[in-house]
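Below: one structure, written as structure tokens.
The values are calculated or read from the model by the stated rules, or taken from the named source; none is laboratory data. Remember, predicted model here, so these are calculated numbers, not experimental data. As a convention, Cβ positions derive from the backbone with ideal geometry for all residues, glycine included, and neighbour counts pool all protein chains shown.
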Amino acid sequence: MTDHVSGHSGVDHYLRAGYTSVRGMSSRFAAAISAWCLTHQAANGIKGHFAEIGTFQGRYFIAQALALEADERALGIDLFDWPSPATYDIFIDNCRRWGVAEDRMVVWKADSTAMSADALRGRLGSGDVRFFHIDGDHSPGPLRRDLDLALAVMHPKGLICLDDMLHPGYPFLVTTVERWLIDNPSMRLMCVIDREDIVAAPKFLICHIDAVPLYENELMRHFARYHFVLGGDALGHFCVVLTPNPRIAEVD
Ligand SMILES: C[S@@+](CC[C@H](N)C(=O)[O-])C[C@H]1O[C@@H](n2cnc3c(N)ncnc32)[C@H](O)[C@@H]1O
């Protein structure tokens, strides 16, 4: 297995020993890069919580919860009814097994598209969300509502991470993100994290324009072996592209 690491010892132990034993869809590659972003934020004095819409059985959630600092919380939001209500108990068991402290977790069994920002903040207590993973309902209206919710609770230098962008199963979902970025011109697609395969699909990292310099050079430097040096053309600016096997198409 390729050794994708975050640089955080507790997270990397879980990525190596536990990640694939927890059922889920996010790639280990993306989970490692996301957890690195959380430790990079902490090293730069950014405090706040982690939130995820679409926690499922906890595969990606556990990695990010383990990367948090002592007084921060991980909020898991899901309907917890797919494929059966047992998903809730499996999620709690997985978090316990892999060392997510109970006082660090907030679990919210609810429909994210019906939530207000105030209600979400109420679940977390004081502080903003510094990393928000959106992996719930993959249809245009709900994705747009989830993006608005994430933005309303975000730390000014925080990251919104979107799953299943450019996934062949959702070929036009990215157009919702394009429209949202055009309507929110202070937000930028900062990085594309490429797929491992059709299940472990690409993610987008989005942040405020002013926060781009905080991340982009360090992502390219820290993950140099995964850096696709041509980058991505993202609505008129370049974004970082990280891929498990970077290469340029051969032209005879
Ligand atoms: C693809 S799974 C998430 C996988 C998980 N993030 C991982 O990395 O393994 C999608 C999840 O989103 C949840 N979901 C779908 N629509 C939702 C909604 N409106 N509110 C909350 N959760 C939702 C589903 O119950 C399901 O567990």
For this session: Output the number of residues of segment 82-125 satisfying the condition of being at pLDDT 95 or above and part of a loop (DSSP other than H, G, I, E, B).
Result: 11
Exercise. Is one or more of the residues making up segment 163-180 closer than 25 Å to GLY7 by Cβ and touching a Leu at 6+ places or on another chain (Cβ under 8 Å)?
Worked result: yes
Seminar exercise, completed: Selection from segment 201-252 of residues in contact (Cβ under 8 Å) with a residue 12 or more places away in the chain and at positive phi yields LEU235
For this session: Considering only segment 37-73, state which residues are among the small types (Gly, Ala, Ser) and within 12 Å of the chain's Cα centre (by Cα).
Result: ALA51, GLY54, ALA63, ALA65
Exercise. Which one of PRO246, PRO185 is more than 21 Å from ARG59 (Cβ to Cβ), of a type outside the set (D, E, K, R), in contact with a strand residue (DSSP E or B) (Cβ under 9 Å, 6 or more places away or on another chain) and assigned to a loop (DSSP other than H, G, I, E, B)?
Worked result: PRO246
Problem set entry | GLY136 being within 15 Å of the ligand (Cβ to nearest atom), assigned to a loop (DSSP other than H, G, I, E, B), on the phi < 0 side of the Ramachandran plot and in contact with a Gly (Cβ under 7 Å, 6 or more places away or on another chain) | yes
Exercise. Based on what the data block shows, is GLN57 surrounded by 14 or more Cβ atoms within 10 Å (Cβ to Cβ) and either under 25 Å from GLY127 (Cα atoms) or without any contact (Cβ under 8 Å) to a residue 12 or more places away in the chain (or both)?
Worked result: no
For this session: Looking only at segment 69-83, count how many residues are buried (at least 24 other Cβ atoms within 10 Å of the Cβ) and more than 6 Å from the ligand (Cβ to nearest atom).
Result: 2
